[in-house]
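Asks: One structure, pasted below without further comment.
Just so you know, all these numbers are worked out from the coordinates, no wet-lab data involved. Because the structure is predicted, anything quoted here is derived from the model rather than measured. Don't worry about glycine lacking a Cβ; one is built from the backbone with ideal geometry, like all the others, and counts go over all protein chains shown.
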Amino acid sequence: MIFFVNERDPPPVEEQATVEVLSWRLFQAPAGALHLMTYRDGQTVRVTSPVSAVDLKRRTLATSSGRLYKLLASPEEDRMAVALLRANAIRVGLLGAIDVSDDAWTEFLGHVVARSLFRSSAGLQ
């Protein structure tokens, strides 16, 4: 069983405009919006506001809050960390969301995909 405690908002965007991310998974909500789930410092799980722009070359995601997330590594693969990120997606109301991390990473690496995740999601790119 997974319990989440000490829930709080992230720092204001003015104090933390860019976040470098090592542990992450990307989820697509049933309505199509993309949300980045991050796991930081081995203790903090965060969900972003919807992704509003993507820079494939820089491997960055901008969110509707104005924060920029720089992906420094491939999607998280550790089973416990992935379980935490998926549980958090459900906890924050993304029930039915699809984990699209691997497809997203394929695009970030510059590989051609049959259906672009970022071009089809709310007009991103």
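Asks: Using only the alpha-carbon atoms, what does the stretch 18-119 span along each of its principal axes? Please give whole angstrom values in decreasing order.
Replies: 32, 28, 28
Asks: May I ask for the net charge around Leu72, where only other residues with Cβ less than 15 Å from the Cβ of Leu72 are counted and Lys, Arg are +1 while Asp, Glu are -1? Display every interim value, and only then the final one.
Replies: Numbers: positive: Arg25, Arg40, Lys57, Arg58, Arg59, Lys70; negative: Glu20, Asp41, Asp55, Glu76, Glu77.
So the surrounding residues net to +1.
Asks: Using the Karplus curve 6.51 cos²θ - 1.76 cosθ + 1.60 with θ = phi - 60°, work out ³J(HN,Hα) for each residue of the stretch 50-60 in order, rounded to whole Hz, and write x for Gly and Pro.
Replies: Once θ is set to phi - 60°, the couplings for the stretch 50-60 become x, 5, 10, 7, 9, 10, 5, 5, 8, 6, 10 Hz.
Asks: For the stretch 18-119, with only Lys/Arg (+1) and Asp/Glu (-1) charged at the beta-carbon, what is the dipole magnitude about the Cα centre, in debye rounded to 20?
Replies: Working: 13 positive and 10 negative charges, 52 e Å.
The dipole of the stretch 18-119 has a size of about 260 debye.
Asks: Of the peptides 84-90, 96-102, how do they stack up when ordered by the mean number of other Cβ atoms within 10 Å, highest first? Please report the intermediate quantities before stating the final value.
Replies: Numbers: 84-90: 19.1, 96-102: 16.4.
For the peptides 84-90, 96-102, the packing ranking is 84-90, 96-102.
Asks: Which of the peptides 46-52, 72-78 is most tightly packed, and how do the rest follow, judged by the mean count of other Cβ atoms within 10 Å per residue? Before the final figure, lay out the partial values.
Replies: Details: 46-52: 18.7, 72-78: 14.1.
Descending packing order for the listed peptides: 46-52, 72-78.
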